[in-house]
Structure formats: structure tokens, C-alpha cells
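Trainee: This is the structure, below, for whatever I ask next.
The values are calculated or read from the model by the stated rules, or taken from the named source; none is laboratory data. Just so it is clear, the model here is predicted, and its values are computed rather than measured. Positions of Cβ are generated from backbone atoms using ideal geometry, with glycine treated the same way; all protein chains shown enter the neighbour counts. The area values use the complete protein model at the heavy-atom level, side chains included, leaving out ligands, DNA and RNA. Shrake-Rupley method; radii C 1.70, N 1.55, O 1.52, S 1.80 Å.
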Amino acid sequence: MEQDFTEVIRIGLDGEHDAAALFGSMDANLKFIETHFGVEAVLRRDEIVIKGERAEAARDVVKDLFWILDSGESIDKQKLEYVISLHAEGASYAGSDFSRDILAFTHRGKPIKAKTRGQKDYVEAIRGREIVFGIGPAGTGKTYLAVAMAVSAYKNKEAERIILARPAVEAGERLGFLPGDLQEKVDPYLRPLYDALYEIMGRDTVLRLKENETIEVVPLAYMRGRTLDNSFIILDEAQNTTREQMKMFLTRMGFGSKVVVNGDVTQIDLPEGRASGLLHAERVLGGVDELAFCHLTGRDVVRHSLVKKIIGAYERYEKRDKPSADGARDARDAAGKSAAPAPVRKGKKSDLSGYGKKGKPFGYDKKGKPPGYGKKGGPRKGP
């Protein structure tokens, strides 16, 4: 008779934890754990029974979920996936201190925390360095966390003003002339910064502080010629700055100020042939000790889980397919352009030098014969 060596682990439920909050609607979180670890998990009245070769790994994840609920946080699929990824690296959510660090509170009283280790490193760099570059894909919380840190610095009397800047660059399309005065024309480009401020401080508070210039939300072009002391300065969408603009912005920093520069180098909207100031700054300033460059990745995405998959797919394409595919296409385009004949248009002399009104070269007779030929098509004799 064969012995069954399948591991069986039982986790007691003390009644203090809501099963729906722990395992999700229709036990969705528990089913996700079953699928990921290849185990069987049964939820009973006072315990959870886990069977399978990886039952111990599944148990560690479940214990982390208990800890998350005890700390007052909610559990969703995104957080569950991140907890599992931490355990795959030999770490745990409970053992990481980033979830305990409250950066600020929204105007509704919700605590703002770093949700990943990459975000935690980014926040610590902002606390410890005077200039920080946050580089990473969309959805990694670069802007939101920077604004939260700026609000915290203002409330703690560490900064007298909050200044948010963004280059007014269109994302691959022409919007034409926008209605309104100058501020109303640039506000659409600055909307993401307003959204973060409204979420954290509330609309009324932001408008009041903006009116007395404690908060400024301005396009990057407005920064030239200024010196900003005792300010928390954030440059968003920095990948769309030119090298000259980046140098201009960084040299606006005055005494007692802190600067945060954010950007996603995979979404550069500059005209073709213009180098990104963010990429150039990393090459030039990488050796300056007082600065920090924090690179966030797809693992730090805190939006919909599908966003993480989309970013991962684009990253794989950029690394593997794009150089060969785009290179081949560019070569074909270049060959096609060099081989394409110049268009010939009939009409005025100015259309093509040396051609007449009927499209024939000057000097040809009415029958289209070249100069120097007689009526019968042979060469003319004599002068």
C-alpha cells in the first residue's frame, strides 16, 4: 500500500477576522492561492485546511494576509499578487516596514503609504537627498508619492511653498488653439498634478493656497529666471524636457529646497531628433553623491493588474522585438526613399528646370525630335 506524503497544514481561525475580507468575494483570494501554489485549500468554520506539496508556502502567504488585516489594510488581488511575489524572493509583507510608514493623510482621512519596496526606497531617497530622480513606468506612484511628501513637508514646516511643474508637451497629437487666458490654456497639461493635490488636500484648500501662491502649478517654461528657496519643487513628466530645459530647471534650486524629478523614459513625446533631458541628466549627474536616481519597475505598479501586464509586454517587446523589427522597417523605408524618383509635373517652366509647357525639354521641335536632327530623323548636315 502506497503512503500519501502530501503535506497537510491547518490554520486556525479565531473569529476576529472576517472571512470575506480575508479571502475576498466568493473566496476569490483563496482560489487564487490554490491555483498559484497547486494546492487544495478548504475553508471550514474554525480553520483552513491546505493540502499539497507547496502547502507550507501557501500557509506563509495566508499568515501575511492575516497580518495585513490586523494592520488595518484591505486585501485585493493586486496586493495578494505582490505578497506572493515577495515570498518568492524569500521576503514577506509582514517583515517589510514600508507598510507601517504613513506619509500623509488624504482630506478624507485615508493614510497614504508606500505599497512596494521600490516605492519605499523612493520615499526614503526623497527624505535623505536634496534632489531625487524617480524613473519608472506609468502607475508606479511617482507623482502621487512625491506630492504626498510635499504636502507632509509643508504641514511640518519643512517647506514654505509647493511648486509643481510640467512641460506642456502634447502626447503625439496637435490640440490646436485652446480657449481661455494663458493659465486656462496650460491647465489641461497640469491636470494630473491638480488631481493628486485635490485627493490629498481637498479642492477648497488647494484653491486657497494657490490663490496666495503657497502652491504653484506651472508649466516648465515659467521657471526660467527664478530662484526658489525653502520650497518643495516637483517636475513631472520630465522625460519630455530637453537637455537645456532640464539644466535650467535643476539650477532653479535655492537654499532649503528639495527637488523631485519624475519621468517615464518609455513614453517620450518630444519631436524626432530632440534628446530627452531626463536620460541626459542620468548620464551626466550619475556620479553626484547628493543626488539619487530611483528606478521603479513593473513590480511597483499599483494600478489595475492588467496595467502591469501591459507594461511587461511592452518591456519585453522593447528588449527583444523592437530593435530588429524597427531596424528592418527603417532600412526598407530608407531604401524606398532613396530609390523613389522625383515627381515629374507638366506645366510652367518653374516646375522643372529645362522643360517647356507641354512637358518636353527646351530645344525639341514640335514633333518631339531633339535638336540637331533633320526632317527624316537623321543628323543634320552642315551648320
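Trainee: Does segment 160-181 contain any residue that is over 17 Å from F249 (Cβ atoms), at pLDDT below 95 and assigned to a helix (DSSP H, G or I)?
Mentor: There is no residue in segment 160-181 that is over 17 Å from F249 (Cβ atoms), at pLDDT below 95 and assigned to a helix (DSSP H, G or I).
Trainee: Among the candidates F5, F66, F23, F37, single out the residue that is open to solvent by less than 40 Å² (accessible area, probe 1.4 Å) and modelled with pLDDT under 85.
Mentor: F23
Trainee: Looking at R59, is it at pLDDT 85 or above and open to solvent by 50 Å² or more (accessible area, probe 1.4 Å)?
Mentor: When the stated conditions are applied, R59 passes them.
Trainee: Across segment 88-117, what is the total count of residues that are within 22 Å of the chain's Cα centre (by Cα) and open to solvent by 20 Å² or more (accessible area, probe 1.4 Å)?
Mentor: Residues flagged as within 22 Å of the chain's Cα centre (by Cα) and open to solvent by 20 Å² or more (accessible area, probe 1.4 Å) within segment 88-117 amount to 3.
Trainee: When residues of segment 210-241 are filtered for being open to solvent by less than 10 Å² (accessible area, probe 1.4 Å) and in a helix (DSSP H, G or I), how many remain?
Mentor: Residues in segment 210-241 being open to solvent by less than 10 Å² (accessible area, probe 1.4 Å) and in a helix (DSSP H, G or I): 5 in total.
Trainee: Filter segment 277-304 for residues that are under 30 Å from L80 (Cβ atoms) and touching a Lys or Arg at 6+ places or on another chain (Cβ under 6 Å); which is most open to solvent (accessible area, probe 1.4 Å)?
Mentor: Here is the first cut: in segment 277-304, the residues under 30 Å from L80 (Cβ atoms) are 294-304.
Checking the rest, the ones that are also touching a Lys or Arg at 6+ places or on another chain (Cβ under 6 Å) come to 298, 301-302.
Numbers: G298: 13, V301: 4, V302: 44 Å².
Ranking the qualifying residues of segment 277-304, first place goes to V302.
Trainee: Please specify each residue of segment 71-87 satisfying the condition of being surrounded by fewer than 18 Cβ atoms within 10 Å (Cβ to Cβ) and basic (K, R).
Mentor: Passing the criteria: only K77.
Trainee: Next question, about the same structure. When the residues of segment 119-146 are filtered to those that are basic (K, R) and in contact with a Leu (Cβ under 7 Å, 6 or more places away or on another chain), which remaining residue is surrounded by the fewest Cβ atoms within 10 Å (Cβ to Cβ)?
Mentor: R129
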